[in-house]
Amino acid sequence: MGKIDAYIFIEVEIGKSEHVLNELRKLDIVKSVAFVTGIFDVIVRVSVNNLEELYEATVNYIHKIDGVKRTRTHIIEKELKQEG
């Protein structure tokens, strides 16, 4: 079985974005981090071996980062590549 990829949407406390970014960089599973507008402030793309690894990273690490208010995790079921 291949890797499981997911997007984790994170709402961050005002003034804590740089701290959250620096902490996310420490995780090997993080493939990209995007600062966005809207309800959530950050979208993180992760790649894990299994759902347990995703759970552990989210609950035992990301949720404990100072400045993280809440998260929503969305597992990628199928991805289409853009042409060009």
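Take the conditions (1) under 16 Å from residue 12 (Cα atoms); (2) assigned to a loop (DSSP other than H, G, I, E, B); (3) free of Cβ contacts under 8 Å to residues at least 12 places away in the same chain; residue 66 misses just one of them, which is (3). Condition (residue is touching a residue at least 40 places away in the same chain (Cβ under 8 Å) and either in contact with a Cys (Cβ under 9 Å, 6 or more places away or on another chain) or surrounded by 17 or more Cβ atoms within 10 Å (Cβ to Cβ) (or both)) applied to the stretch 22-39: is it met by at least one residue? Yes, because at least one residue in the stretch 22-39 is touching a residue at least 40 places away in the same chain (Cβ under 8 Å) and either in contact with a Cys (Cβ under 9 Å, 6 or more places away or on another chain) or surrounded by 17 or more Cβ atoms within 10 Å (Cβ to Cβ) (or both). Residue 31 fulfils the conditions (1) under 26 Å from residue 2 (Cα atoms); (2) of a type outside the set (S, T, N, Q); (3) outside any strand (DSSP E or B) except for a single criterion, (3).
For residues in the stretch 1-28 being more than 20 Å from residue 77 (Cβ to Cβ) and part of a strand (DSSP E or B), which is nearest to the chain's Cα centre (by Cα)? Only one residue tops the list, namely 10. Across the stretch 40-63, the number of residues qualifying as small (Gly, Ala, Ser) and in contact (Cβ under 8 Å) with a residue 40 or more places away in the chain comes to 1.
Just so you know, all these numbers are worked out from the coordinates, no wet-lab data involved. Computed from a predicted structure; not experimentally measured. Here the Cβ is made from the backbone with ideal geometry for all residues, glycine too, and neighbour counts use every protein chain on show.
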